There are 2 protein chains.
Amino acid sequence: MLSFQELSVQFNEQFDTKHFPETPHTLYAPGEYFLSIGGKRVRPVMCMMGNELFSDIHSDAFVAARAVELFHNFTLVHDDMMDEAGLRRGMPTVHTKYDVNTALLVGDVMLIRAYEFLQNIQPSYLPKILKIFNKTAREVCEGQQLDMDYAKMEEVTMEQYIHMITLKTSVLLAASLEIGAIIGGASENNCHHLYEFGKKIGIAFQIQDDYLDAYGDAANFGKEVGGDIKQNKKTFLLLHALSVANNDQRAALAELLNNDNPDKVEKVLDIFNACGVGAWAENLKSKYLQEAFDHLESIAVVSARKQPLIELANYLINRNK
Amino acid sequence: MLSFQELSVQFNEQFDTKHFPETPHTLYAPGEYFLSIGGKRVRPVMCMMGNELFSDIHSDAFVAARAVELFHNFTLVHDDMMDEAGLRRGMPTVHTKYDVNTALLVGDVMLIRAYEFLQNIQPSYLPKILKIFNKTAREVCEGQQLDMDYAKMEEVTMEQYIHMITLKTSVLLAASLEIGAIIGGASENNCHHLYEFGKKIGIAFQIQDDYLDAYGDAANFGKEVGGDIKQNKKTFLLLHALSVANNDQRAALAELLNNDNPDKVEKVLDIFNACGVGAWAENLKSKYLQEAFDHLESIAVVSARKQPLIELANYLINRNK
């Protein structure tokens, strides 16, 4: 059994190459640029781990992993346009470095390229994998739409937020694992539990993301701490604070959200702390992690094979960046 | 053998339904809106004709036709954003009626939905059809990129323009026919000739499009006549005029292209006429039509089965709107 790090090296060896033809250069060079700026490659490695949970890694797992990573990058290129984000992983986003029309087409062609990789996997499980891939891809778009909708809404419930996060983030982690599992020959029941494991990990992952934005160490985090607070983003932390705050705290939060005071981040964090938001987030994360492990437990393979997934889950959920 | 009109009725019966789930309404209602504003449905019907050239229509031909039409509409939604077009088929474009971010996601999800239809076709030819679909989809993106590149270039050769048109327009017509042919059980050689037939028809179709923009009857055309001229669009007509014009005419054209005089369309048309552009375009169209018919001739089925394709080609190439 290989660890996340070992599989990551294997994946990157195959992935760090040209992804597109040479011409038209105006379309494909920006695509190569974006794919060259890196990332943790969590999803493709999860695809390989899904395979290795059940059997030796098949070359199709690399191909599917590559499709998953291209799909993920397609969503980033288009999301960055929607969010008007100037930087991604510390580098200029495609629409910033080139222009909006180029970014639009680069995203489109990256999505198509993902399907071009999928077309090469074994016909025996191609339809099954294509179905999961398509369903997931559409759900990720739904999640992005809900994220934009929620930004405009006055009130969003915790239930709505978790639904949005599930679509926007969790289902792709879950599907990456399941696609790998199918290639590894897993039974339907095992696939189901692995998918649910991925979904729960995805939610815990997002809780950690929201937590780091408020409580992360700027030196490690790689992003500005408090960015979500400045943008009034609805996060696990803010939604919980709003739900448990007393009237004074709620009024103070509303006031802070409606203005851009220089000490906004600090004051919102004071209310978060008074509401015990940090400990609550830790608890919620543990709850999802436990649910994830319960599903992993239900998968009928020897425990030793599950070790890399347990390590990955702990890493994703406790990471400091 | 059914005519284009008869197949069109059959296709529309199946296509005129909901294409997406109900929620999120903010994502799917704009998608339904755009698909409801119609269109000639040339590509899906070509897919069905490709099938019927070789055998009775299989239900998979409807499914693939639907995927092709969804793909085509995805390109329209994103192209309209890039062109900043306010109207499509006389109705507001998605980014105009809703907003740019919605249009971006609606296009994405329409492309994914196309693949969701494809996933349901018979596994025996799914990989083959997926390959053609992917290759074509990427080529259409390349064509759109070249179109944008050429708009910024001082000089574009006829060869470059035909290459761009082939990618942007022809290959999807060709692929629609070929996908249908595969479902109909056609041999590789027959598929090849049918694809080439579609490609040649596509170029002739574009010559007619460019011709109508300059010489169409406004009452029939449905668009403003001279729109391409006003926008300095490189068309078959302009490129030919530039290549045969004498020095005075070329200087006059350059002057007209650099300004927005109220009589610009009229004056450019005067030069087009002096250069014999109309007759040249008719000739070129006939040349491509003949090449298309030569490929059709090479397809090994009885002549009677080819009749609907001959009628369709003549209609597309001589249409007045």
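The values are calculated or read from the model by the stated rules, or taken from the named source; none is laboratory data. Nothing here was measured: the structure is a model prediction, and the numbers come from that model. Every residue, glycine among them, receives a Cβ derived from its backbone with ideal geometry; neighbour counts consider all protein chains shown.
Run A:ALA65 past the list (1) out of contact with any helix residue (DSSP H, G or I) (no Cβ under 7 Å at 6 or more places or on another chain); (2) part of a helix (DSSP H, G or I); (3) aliphatic (A, V, I, L, M) and report the number of the one that doesn't hold.
Checking A:ALA65 against (1) out of contact with any helix residue (DSSP H, G or I) (no Cβ under 7 Å at 6 or more places or on another chain); (2) part of a helix (DSSP H, G or I); (3) aliphatic (A, V, I, L, M), the one that fails is (1).
Would you check if B:THR75 is farther than 19 Å from A:ASP108 by Cβ, in contact (Cβ under 8 Å) with a residue 12 or more places away in the chain, of a type in the set (Ser, Thr, Tyr) and within 14 Å of another protein chain (Cβ to nearest Cβ)?
It is false that B:THR75 is farther than 19 Å from A:ASP108 by Cβ, in contact (Cβ under 8 Å) with a residue 12 or more places away in the chain, of a type in the set (Ser, Thr, Tyr) and within 14 Å of another protein chain (Cβ to nearest Cβ).
Go through A:GLY216, A:GLY276, A:GLY227 for me and flag whichever is within 30 Å of A:VAL140 (Cα to Cα) and either in contact with a Phe, Trp or Tyr (Cβ under 9 Å, 6 or more places away or on another chain) or touching a residue at least 24 places away in the same chain (Cβ under 8 Å) (or both).
Going through A:GLY216, A:GLY276, A:GLY227 in turn, the sole match is A:GLY216.
Are any residues in the stretch B:90-105 out of contact with any strand residue (DSSP E or B) (no Cβ under 7 Å at 6 or more places or on another chain) and more than 9 Å from chain A (Cβ to nearest Cβ), and if so, which ones?
B:GLY90, B:MET91, B:PRO92, B:VAL94, B:HIS95, B:THR96, B:LYS97, B:TYR98, B:ASP99, B:ALA103
What are the residues in the stretch A:118-139 that are surrounded by 19 or more Cβ atoms within 10 Å (Cβ to Cβ), within 9 Å of chain B (Cβ to nearest Cβ) and part of a helix (DSSP H, G or I), if any?
Scanning the stretch A:118-139 gives A:LEU118, A:LEU126, A:LEU130, A:PHE133, A:ASN134, A:ALA137, A:ARG138.
Quick one: would you say A:VAL68 is in contact with a Pro (Cβ under 6 Å, 6 or more places away or on another chain) and either among the hydroxyl-bearing types (Ser, Thr, Tyr) or farther than 30 Å from A:GLU311 by Cα (or both)?
For A:VAL68, the condition - in contact with a Pro (Cβ under 6 Å, 6 or more places away or on another chain) and either among the hydroxyl-bearing types (Ser, Thr, Tyr) or farther than 30 Å from A:GLU311 by Cα (or both) - is not met.
Can you name the residue in the stretch A:106-117 that is over 30 Å from A:GLY185 (Cβ atoms) and more than 7 Å from chain B (Cβ to nearest Cβ) and is also farthest from the chain's Cα centre (by Cα) among such residues?
Among residues in the stretch A:106-117 that are over 30 Å from A:GLY185 (Cβ atoms) and more than 7 Å from chain B (Cβ to nearest Cβ), the one farthest from the chain's Cα centre (by Cα) is A:VAL106.
Considering every residue within the stretch B:147-162, establish whether at least one is part of a helix (DSSP H, G or I), hydroxyl-bearing (Ser, Thr, Tyr) and either modelled with pLDDT of 95 or more or over 24 Å from A:PHE74 (Cβ atoms) (or both).
yes
With the structure loaded, tell me whether A:VAL9 is assigned to a helix (DSSP H, G or I), among the β-branched types (Val, Ile, Thr), away from chain B (no Cβ under 13 Å) and within 17 Å of the chain's Cα centre (by Cα) or whether it fails that test.
no
Which ones in the stretch A:145-175 are of a type in the set (Val, Ile, Thr) and either surrounded by 22 or more Cβ atoms within 10 Å (Cβ to Cβ) or assigned by TED's automatic domain parsing to the domain that holds A:LEU257 (or both)?
The answer is A:ILE165, A:VAL171.
Look at the stretch B:77-95 and say how many of its residues are of a type outside the set (Asp, Glu) and over 16 Å from B:PRO30 (Cβ atoms).
2
Looking only at the stretch A:212-225, count how many residues are crowded, with 20+ Cβ neighbours inside 10 Å and either part of a helix (DSSP H, G or I) or at pLDDT 95 or above (or both).
Count: 2.
Could you grab me the full set of residues in the stretch A:84-103 that are part of a helix (DSSP H, G or I) and touching a helix residue (DSSP H, G or I) at 6+ places or on another chain (Cβ under 6 Å)?
Of everything in the stretch A:84-103, those that are part of a helix (DSSP H, G or I) and touching a helix residue (DSSP H, G or I) at 6+ places or on another chain (Cβ under 6 Å) turn out to be A:VAL94, A:HIS95, A:ASN101, A:THR102, A:ALA103.
Of A:HIS58, A:HIS19, A:HIS72, which residue is modelled with pLDDT of 95 or more, within 26 Å of A:VAL140 (Cα to Cα) and over 21 Å from the mean Cα position of the chain (by Cα)?
Answer to the selection: A:HIS19.
Among the residues of the stretch B:24-42, how many are within 14 Å of chain A (Cβ to nearest Cβ) and in contact with a strand residue (DSSP E or B) (Cβ under 6 Å, 6 or more places away or on another chain)?
0
Which of the residues belonging to the stretch A:265-277 are outside any loop (DSSP other than H, G, I, E, B) and surrounded by fewer than 17 Cβ atoms within 10 Å (Cβ to Cβ)?
The answer is A:GLU266, A:LYS267, A:ASP270, A:ASN273, A:ALA274.
Looking only at the stretch A:24-38, which residues are assigned to a helix (DSSP H, G or I) and either buried (at least 18 other Cβ atoms within 10 Å of the Cβ) or not assigned by TED's automatic domain parsing to the domain that holds A:LYS97 (or both)?
Listed by number, the residues that qualify are A:LEU27, A:TYR28, A:PRO30, A:GLY31, A:PHE34, A:LEU35.
Pick from A:GLU178, A:GLU142: which is acidic (Asp, Glu), within 13 Å of chain B (Cβ to nearest Cβ), buried (at least 21 other Cβ atoms within 10 Å of the Cβ) and part of a helix (DSSP H, G or I)?
A:GLU142
For the stretch B:278-289, indicate whether the set of residues that are closer than 30 Å to B:GLY50 by Cβ, assigned by TED's automatic domain parsing to the domain that holds B:LYS200, surrounded by fewer than 19 Cβ atoms within 10 Å (Cβ to Cβ) and of a type in the set (Ser, Thr, Tyr) is non-empty.
Taking every residue of the stretch B:278-289 in turn, at least one turns out to be closer than 30 Å to B:GLY50 by Cβ, assigned by TED's automatic domain parsing to the domain that holds B:LYS200, surrounded by fewer than 19 Cβ atoms within 10 Å (Cβ to Cβ) and of a type in the set (Ser, Thr, Tyr).
Taking A:VAL109 as meeting all but one of (1) assigned by TED's automatic domain parsing to the domain that holds A:ASN51; (2) in contact with a Phe, Trp or Tyr (Cβ under 7 Å, 6 or more places away or on another chain), write down the number of the exception.
Checking A:VAL109 against (1) assigned by TED's automatic domain parsing to the domain that holds A:ASN51; (2) in contact with a Phe, Trp or Tyr (Cβ under 7 Å, 6 or more places away or on another chain), the one that fails is (2).
Can you go through A:ASP83, A:ASP60, A:ASP56 and tell me which one is free of Cβ contacts under 8 Å to residues at least 24 places away in the same chain and away from every other protein chain (no Cβ under 11 Å)?
Being free of Cβ contacts under 8 Å to residues at least 24 places away in the same chain and away from every other protein chain (no Cβ under 11 Å) holds for just one of A:ASP83, A:ASP60, A:ASP56, which is A:ASP56.
Looking at this structure, is B:ALA151 hydrophobic (A, V, I, L, M, F, W, C), within 9 Å of another protein chain (Cβ to nearest Cβ) and in contact (Cβ under 8 Å) with a residue 60 or more places away in the chain?
no
When you go through (1) at positive phi; (2) in a helix (DSSP H, G or I) one by one for A:ASP248, which number turns out not to apply?
(1)
So B:PRO21 fits all but one of (1) within 14 Å of chain A (Cβ to nearest Cβ); (2) not in a loop (DSSP other than H, G, I, E, B); what number is the exception?
So the condition that B:PRO21 fails would be (2).
For the structure I just gave you, tell me whether B:LEU194 is crowded, with 19+ Cβ neighbours inside 10 Å, at pLDDT 95 or above and over 30 Å from B:SER298 (Cα atoms).
For B:LEU194, the condition - crowded, with 19+ Cβ neighbours inside 10 Å, at pLDDT 95 or above and over 30 Å from B:SER298 (Cα atoms) - is not met.
Check B:LEU256, B:LEU269, B:LEU239 and return the single one that is in contact with a Lys or Arg (Cβ under 6 Å, 6 or more places away or on another chain) and assigned by TED's automatic domain parsing to the domain that holds B:VAL225.
Answer to the selection: B:LEU256.
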